[in-house]
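Participant: This structure is in structure tokens; I'll ask about it shortly.
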Amino acid sequence: MFKFFSSVFIFTLLSFSATEAEASEAYLQSIQQQITNLQKTISGLQETIQNQSQLIDAQGAKITILETKIEKGVSMVSPPPAPKGLGLVNWNPEIGVIGDVVTHLTESTEDEDGNDSLVVRELELAFGQYIDPHSRFDAAITLNDALEDQNVEIEQAYLTRYDLPLGFKFQLGKIRPKIGKANLLDRHALENVTEPLVISNFFAEEGWKASGVRIQNFIPNPWDIPLELTGEVLNNRGAASFSGIRRRPVFNAHLKSFFELSDTKDFELGATTLLGTDNLSGGARGNDQYNVKIYGFDATYTHHLDGIRKLKLQSELYFQDRDFRNPVSLDTNGDGIEDEFIGSIENHPWGFYALADFKFSPRLSTGVRLDYIKPLGFVDLSDGVRIDASRFGTDYSWEVSPYLTFHQREFCLFRLQYSHTENAQGISDDAIYLQARFQIGVDRHGLQ
Amino acid sequence: MPLFLGALSLFVAPDFGLAKNEIKIVTTTKTFADLVKVVGGDLVKVDYVAPPNQNVHFVEPRPSDILRLSKADLFVHGGLDLELWRAPLAEASGKSQFFDGGPRQLDLSEGLLLLEIPEGPLSRAQGDIHVFGNPHYWTSPENAKIIVKTIADKLSELSPENKKLFEENLNRYLGELDKKILEWKEKLTPWKGKPIVVYHNSWPYLADFAGLEIAGFVEPKPGIPPTAKHIQQLLGIMKEKKIKVIIKETFFENKTPKKLSEQTGAVVINLPISVGETKEARDYISMIDSMVTQITQAFEKEMSHD
């Protein structure tokens, strides 16, 4: 009996112990879970504290700067403080003055202006300022000190309108027409002392500048390469290839593409089409409306060899399709019959230049330009005046011009150039140019 | 005429395949591009204009830069007169919102303490004076902390829905910078107060951070090439002050610093002033790392010679 009760007691005791152990285990698990949760909370709080500390540090750095500023009494320049006491002077435009002095020594014995001379070839006064948040006005006036041609010229004066729909840019006024590369540059900004022959012969001695309107935009394309299309309607005044009736404008379309070959090499291709009128009179008259078409191509390769050295290869080619009746003859006795042949007009003048320019040190660059043209032939019979047939441009001209440029500063350079020319009249010339270009103030020509 | 009109009609062609969610940003330098990227992360697409190995003051933007800017949401630049080509580039884009003060441009000089703000009349007879103060402010990591905050504020303004992400990126980078600043200062402490010569006046912020004294310039005036007379004067200063370190950017000529080095025993170091200028300067932090390492090694070399 005792054994029986003892067994029951032990069994009961063990049963109780097992139940208690299970409860204890559950309790422990609950505690562990709570600890895990607390650890996560602490970890989150630590992260928050860390972030807050970083923010405090950043704010502290700002406070330190502000305190330093107060201590030192140094003013911050953001935005730049307006000059005190200047009042309306702040509204003055940006002003730049550029001088271009050229010495020219030539074999030619003719005592012409420009032969064996030293002149301020160009003094440019450039002004520009925003008119309102969406428009800007730029103007450049040039003064020329050449003995016979002293003059003042409005070189450029144009309004640029930004923020047009679809990303258009619009310009109105006197501009340098978007023809190739060289014509866009002021002559003081060229790599050479003189303009390429094809530019001076087809357009103007100093490059063509014309009143007109320009509209420009990038053409969207799947390759995301810059394809810039420019359309211009221009007054025909001032370009050698166009003349006559001013109400017949010149239309110009220019397409430019640009390829980044690598971080240091790029290549630009351009094409130009001009359509205009050369309104010759007398026996030269042919189709007198939009009888001149000019097609041009330009290519520029640039290679930045390092932070200083840069190679540029550039070429432009122009071809004209002119619609004039040949041969040119005159009615000498007034009987209505053109009885004297006086020559012929070149209906397909063309020309090109090729330029290699190498900047080989921070201050020095050198290069050479080769020019070749079959020039325009001129006939002007409006006064019944006969023109020497030798001027009808039946031959070609070429020129080679090596040069060395010393860039004293970004705002001052000196250039020595030698040019050998064989012109269409069979006359050769050797010339030496020494150019000095200097600038004060702002030169805000837009990017090409 | 039909050809002309046909060509003009191309102007209104639709835009192709542009990702709409990312913020397209053009910066003037690769350094700024790197700092924008650390804040913007994958939400931004960043292009830069100035090649790292060229003098940032005189860069010719390319047509591709104009196109990129014309399509960008934000133009980030150094402000002041750091980039003389900045305004023509913004104008060529045809969008006034990128002009100085416009709503889609960010001037990173905002809120910085600028050094060397000139006083009195200015002219180029003083060299290439920076009329608003020295603009090479990113060479101080302390300024970088303010720059990234400025970037985060602007990105949050442009994309408020991603503000939290920009702030997280900002805080993470500020943490990294703080750690590195402690490390850099520790390395530079032994050389505090040491005089140095620099080629161009690009380093006042770095010198301020490192506690170095700029005792002379290879250029007689900012941007003016060294003359024989000036070099003689500089040699006198270097010998008198026992200056043993010459700092220059990689794109300045080596001839004159080498000549100074030969006559004084000074060490010439080419420091990257822009991310990407040297292979070591892969990003902003590694650029400053490279600067600190080179400066430290130069002084250690000097010590070993002494």
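The values are calculated or read from the model by the stated rules, or taken from the named source; none is laboratory data. All of these numbers come straight from a predicted model, not from anything done at the bench. Positions of Cβ are backbone-derived with ideal geometry, glycine not excepted, and every protein chain shown enters the neighbour counts.
Participant: What is the one condition in (1) surrounded by 18 or more Cβ atoms within 10 Å (Cβ to Cβ); (2) part of a helix (DSSP H, G or I); (3) touching a Phe, Trp or Tyr at 6+ places or on another chain (Cβ under 9 Å) that B:VAL197 does not satisfy?
Facilitator: (2)
Participant: If you go through the range B:112-132 one residue at a time, how many are at the interface with another protein chain (Cβ under 8 Å from one of its Cβ atoms) and either hydrophobic (A, V, I, L, M, F, W, C) or under 14 Å from the mean Cα position of the chain (by Cα) (or both)? Walk me through it before giving the result.
Facilitator: Going through the range B:112-132, the residues at the interface with another protein chain (Cβ under 8 Å from one of its Cβ atoms) turn out to be B:112-114, B:117, B:124, B:132.
Retained after the next criterion (residues that are either hydrophobic (A, V, I, L, M, F, W, C) or under 14 Å from the mean Cα position of the chain (by Cα) (or both)): B:112-114, B:117, B:132.
Qualifying residue count, the range B:112-132: 5.
Participant: In addition: Would you point out which residue out of B:VAL245, B:VAL268 is touching an Asp or Glu at 6+ places or on another chain (Cβ under 9 Å), crowded, with 17+ Cβ neighbours inside 10 Å and β-branched (Val, Ile, Thr)? Reasoning before the result, please.
Facilitator: Details: B:VAL268 fails: touching an Asp or Glu at 6+ places or on another chain (Cβ under 9 Å).
None of the others qualify; the one that does is B:VAL245.
Participant: Could you say whether any residue in the range B:220-233 is modelled with pLDDT of 90 or more, within 19 Å of B:LYS192 (Cα to Cα) and not hydroxyl-bearing (Ser, Thr, Tyr)?
Facilitator: No, the range B:220-233 contains no residue that is modelled with pLDDT of 90 or more, within 19 Å of B:LYS192 (Cα to Cα) and not hydroxyl-bearing (Ser, Thr, Tyr).
Participant: With the requirement that a residue be among the charged types (D, E, K, R) and assigned to a helix (DSSP H, G or I), what does the range B:252-306 give you? Spell out the reasoning first.
Facilitator: Applying the first criterion (among the charged types (D, E, K, R)) to the range B:252-306 yields B:253, B:255, B:258-259, B:262, B:277, B:279-280, B:282-283, B:289, B:300-302, B:306.
If the condition is that a residue be among the charged types (D, E, K, R) and assigned to a helix (DSSP H, G or I), then B:LYS255, B:LYS258, B:LYS259, B:GLU262, B:ASP289, B:GLU300, B:LYS301, B:GLU302 are the ones that fit.
Participant: Out of (1) in contact with a Ser or Thr (Cβ under 7 Å, 6 or more places away or on another chain); (2) within 8 Å of another protein chain (Cβ to nearest Cβ), what's the single condition that is false for B:SER96?
Facilitator: (1)
Participant: Next question. For the range A:216-231, name all the residues that are more than 17 Å from A:PHE267 (Cβ to Cβ) and either among the hydroxyl-bearing types (Ser, Thr, Tyr) or at the interface with chain B (Cβ under 7 Å from one of its Cβ atoms) (or both). Working first, answer last.
Facilitator: Kept after step one, since they are more than 17 Å from A:PHE267 (Cβ to Cβ), are these residues of the range A:216-231: A:216-220, A:222, A:229-231.
Scanning the range A:216-231 gives A:ASN217, A:PHE218, A:ILE219, A:PRO220, A:PRO222, A:LEU229, A:THR230, A:GLY231.
Participant: Sort out which residues of the range B:81-129 are touching a strand residue (DSSP E or B) at 6+ places or on another chain (Cβ under 7 Å) and small (Gly, Ala, Ser), and write them in order of number.
Facilitator: Within the range B:81-129, B:ALA90, B:GLY94 meet the criteria.
Per-residue answers, yes or no, for (1) part of a loop (DSSP other than H, G, I, E, B); (2) closer than 30 Å to A:ASP430 by Cα:
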| position | (1), (2) |
| --- | --- |
| A:ASN183 | no, yes |
| A:VAL193 | yes, yes |
| A:PRO220 | yes, no |
| A:GLY238 | yes, yes |
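Participant: Could you say which residue among B:LYS221, B:LYS154 is surrounded by 17 or more Cβ atoms within 10 Å (Cβ to Cβ) and in contact (Cβ under 8 Å) with a residue 12 or more places away in the chain?
Facilitator: On the way: B:LYS221 fails: surrounded by 17 or more Cβ atoms within 10 Å (Cβ to Cβ).
Step by step, each of B:LYS221, B:LYS154 is checked, and only B:LYS154 is surrounded by 17 or more Cβ atoms within 10 Å (Cβ to Cβ) and in contact (Cβ under 8 Å) with a residue 12 or more places away in the chain.
Participant: Right, next: How many residues does the range B:39-50 contain that are surrounded by fewer than 22 Cβ atoms within 10 Å (Cβ to Cβ) and on the phi < 0 side of the Ramachandran plot? Give the derivation first.
Facilitator: Restricting attention to the range B:39-50, the residues satisfying the condition of being surrounded by fewer than 22 Cβ atoms within 10 Å (Cβ to Cβ) are B:41-43, B:45-47.
Right, trim to on the phi < 0 side of the Ramachandran plot and you get B:42-43, B:45-47.
Result for the range B:39-50: 5.
Participant: Shifting gears a bit: When only residues in the range B:133-150 that are touching an Asp or Glu at 6+ places or on another chain (Cβ under 7 Å) and of a type outside the set (Val, Ile, Thr) count, which is nearest to the other protein chains (Cβ to nearest Cβ)?
Facilitator: So in the range B:133-150, the residues touching an Asp or Glu at 6+ places or on another chain (Cβ under 7 Å) come out as B:133-135, B:140, B:150.
Then keep just the ones that are of a type outside the set (Val, Ile, Thr); that gives B:133-135, B:140.
Working: B:GLY133: 5, B:ASN134: 10, B:PRO135: 10, B:SER140: 11 Å.
So, considering only residues that are touching an Asp or Glu at 6+ places or on another chain (Cβ under 7 Å) and of a type outside the set (Val, Ile, Thr), the one nearest to the other protein chains (Cβ to nearest Cβ) is B:GLY133.
Participant: Please count how many residues of the range A:192-215 are within 14 Å of another protein chain (Cβ to nearest Cβ) and closer than 27 Å to A:GLU260 by Cβ.
Facilitator: 2
Participant: Looking at B:SER93, B:SER109, B:SER64, B:SER70, which is the one that is crowded, with 23+ Cβ neighbours inside 10 Å, of a type outside the set (Asp, Glu) and more than 20 Å from the chain's Cα centre (by Cα)? If you could, list the steps in order and put the result at the bottom.
Facilitator: Details: B:SER109 fails: more than 20 Å from the chain's Cα centre (by Cα); B:SER64 fails: crowded, with 23+ Cβ neighbours inside 10 Å; B:SER70 fails: crowded, with 23+ Cβ neighbours inside 10 Å.
Residue meeting the stated conditions: B:SER93.
The rows are residues; the columns are (1) of a type in the set (S, T, N, Q); (2) part of a loop (DSSP other than H, G, I, E, B).
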position: B:ALA33; (1), (2): no, no
position: B:ASN55; (1), (2): yes, yes
position: B:ILE66; (1), (2): no, no
position: B:LEU80; (1), (2): no, yes
position: B:GLY101; (1), (2): no, yes
position: B:ASN134; (1), (2): yes, yes
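Participant: Give the range A:391-427 a look and list any residue that's at pLDDT below 85 and more than 30 Å from B:GLU83 (Cβ to Cβ), or say none.
Facilitator: Matches in the range A:391-427: A:ARG391, A:PHE392, A:GLY393, A:THR394, A:ASP395, A:TYR396, A:ASN423, A:ALA424, A:GLN425, A:GLY426, A:ILE427.
Participant: Here's a follow-up. What's the number of the only condition in (1) at pLDDT 95 or above; (2) surrounded by fewer than 23 Cβ atoms within 10 Å (Cβ to Cβ) that B:GLU183 fails to meet?
Facilitator: Tallying (1) at pLDDT 95 or above; (2) surrounded by fewer than 23 Cβ atoms within 10 Å (Cβ to Cβ), B:GLU183 fails exactly one: (1).
Participant: Could you say which residue among A:ASN192, A:ASN236, A:ASN221 is more than 25 Å from A:ALA139 (Cβ to Cβ) and more than 18 Å from the chain's Cα centre (by Cα)?
Facilitator: Details: A:ASN192 fails: more than 18 Å from the chain's Cα centre (by Cα); A:ASN236 fails: more than 25 Å from A:ALA139 (Cβ to Cβ).
Of A:ASN192, A:ASN236, A:ASN221, the one residue that is more than 25 Å from A:ALA139 (Cβ to Cβ) and more than 18 Å from the chain's Cα centre (by Cα) is A:ASN221.
Participant: Look at A:ILE432 and say whether it is within 28 Å of A:GLY99 (Cβ to Cβ), β-branched (Val, Ile, Thr), at pLDDT 95 or above and surrounded by fewer than 16 Cβ atoms within 10 Å (Cβ to Cβ). Give the derivation first.
Facilitator: On the way: within 28 Å of A:GLY99 (Cβ to Cβ): yes; β-branched (Val, Ile, Thr): yes; at pLDDT 95 or above: yes; surrounded by fewer than 16 Cβ atoms within 10 Å (Cβ to Cβ): yes.
For A:ILE432, the condition - within 28 Å of A:GLY99 (Cβ to Cβ), β-branched (Val, Ile, Thr), at pLDDT 95 or above and surrounded by fewer than 16 Cβ atoms within 10 Å (Cβ to Cβ) - is met.
For every residue, the table says whether it meets (1) closer than 30 Å to A:GLN216 by Cα; (2) in contact (Cβ under 8 Å) with a residue 24 or more places away in the chain.
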residue: A:TYR396; (1), (2): no, yes
residue: A:TYR403; (1), (2): no, yes
residue: A:LEU413; (1), (2): no, yes
residue: A:LEU416; (1), (2): no, no
residue: A:HIS420; (1), (2): no, no
residue: A:ALA424; (1), (2): no, yes
residue: A:ILE427; (1), (2): no, no
residue: A:ALA436; (1), (2): no, yes
residue: A:GLN439; (1), (2): yes, yes
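Participant: Please verify whether A:ILE245 is in a loop (DSSP other than H, G, I, E, B), more than 12 Å from chain B (Cβ to nearest Cβ) and either more than 22 Å from A:ASP371 (Cα to Cα) or at pLDDT 95 or above (or both), treating the condition exactly as stated.
Facilitator: Working: in a loop (DSSP other than H, G, I, E, B): yes; more than 12 Å from chain B (Cβ to nearest Cβ): yes; either more than 22 Å from A:ASP371 (Cα to Cα) or at pLDDT 95 or above (or both): yes.
Judged against the criteria, A:ILE245 is a match.
Participant: Only one of B:GLU161, B:GLU176, B:GLU167, B:GLU186 is closer than 23 Å to B:GLU300 by Cβ and out of contact with any Asp or Glu (no Cβ under 8 Å at 6 or more places or on another chain). Can you tell me which? Give the steps one after another, and end with the answer.
Facilitator: Numbers: B:GLU161 fails: closer than 23 Å to B:GLU300 by Cβ; B:GLU176 fails: closer than 23 Å to B:GLU300 by Cβ; B:GLU167 fails: closer than 23 Å to B:GLU300 by Cβ.
On inspection, the qualifying residue turns out to be B:GLU186.
Participant: Give all pairs with beta carbons closer than 8 Å in which a residue from the range B:29-55 that is away from every other protein chain (no Cβ under 14 Å) and of a type in the set (S, T, N, Q) meets a residue that is crowded, with 24+ Cβ neighbours inside 10 Å and outside any loop (DSSP other than H, G, I, E, B); count only pairs at least 6 apart in sequence or on separate chains.
Facilitator: Final answer for the pair search is B:THR31/B:TRP138; B:THR31/B:TYR284; B:THR31/B:MET287.
Participant: Give me a count of the residues in the range A:172-199 that are touching a residue at least 60 places away in the same chain (Cβ under 8 Å) and either charged (D, E, K, R) or outside the structural domain of A:GLY96 (by TED's automatic domain parsing) (or both).
Facilitator: 5
Participant: Only residues in the range A:156-171 that are on the phi > 0 side of the Ramachandran plot count as the first member; pair them with residues that are surrounded by 16 or more Cβ atoms within 10 Å (Cβ to Cβ) and of a type outside the set (Val, Ile, Thr), Cβ under 7 angstrom, at least 6 apart or cross-chain, and list the lot.
Facilitator: A:ASP163/B:LYS95; A:ASP163/B:SER96; A:LEU166/A:ASN217; A:LEU166/B:PHE11; A:GLY167/A:ASN217; A:GLY167/A:PHE218; A:GLY167/B:SER70; A:GLY167/B:GLY94
Participant: Checking the structure you have, find out if any residue of the range B:233-250 is under 21 Å from B:LYS30 (Cβ atoms), assigned to a loop (DSSP other than H, G, I, E, B) and not assigned by TED's automatic domain parsing to the domain that holds B:ASN53.
Facilitator: The initial filter retains those residues of the range B:233-250 that are under 21 Å from B:LYS30 (Cβ atoms), namely B:247-250.
Narrowing the set further to residues that are assigned to a loop (DSSP other than H, G, I, E, B) leaves B:250.
Still in the running and not assigned by TED's automatic domain parsing to the domain that holds B:ASN53: B:250.
Within the range B:233-250, one or more residues are under 21 Å from B:LYS30 (Cβ atoms), assigned to a loop (DSSP other than H, G, I, E, B) and not assigned by TED's automatic domain parsing to the domain that holds B:ASN53.
Participant: Of the conditions (1) within 19 Å of A:ALA299 (Cβ to Cβ); (2) of a type in the set (A, V, I, L, M); (3) touching a helix residue (DSSP H, G or I) at 6+ places or on another chain (Cβ under 8 Å), A:LEU185 satisfies every one except a single condition; which number is it?
Facilitator: Evaluating A:LEU185 over (1) within 19 Å of A:ALA299 (Cβ to Cβ); (2) of a type in the set (A, V, I, L, M); (3) touching a helix residue (DSSP H, G or I) at 6+ places or on another chain (Cβ under 8 Å) leaves (3) as the failure.
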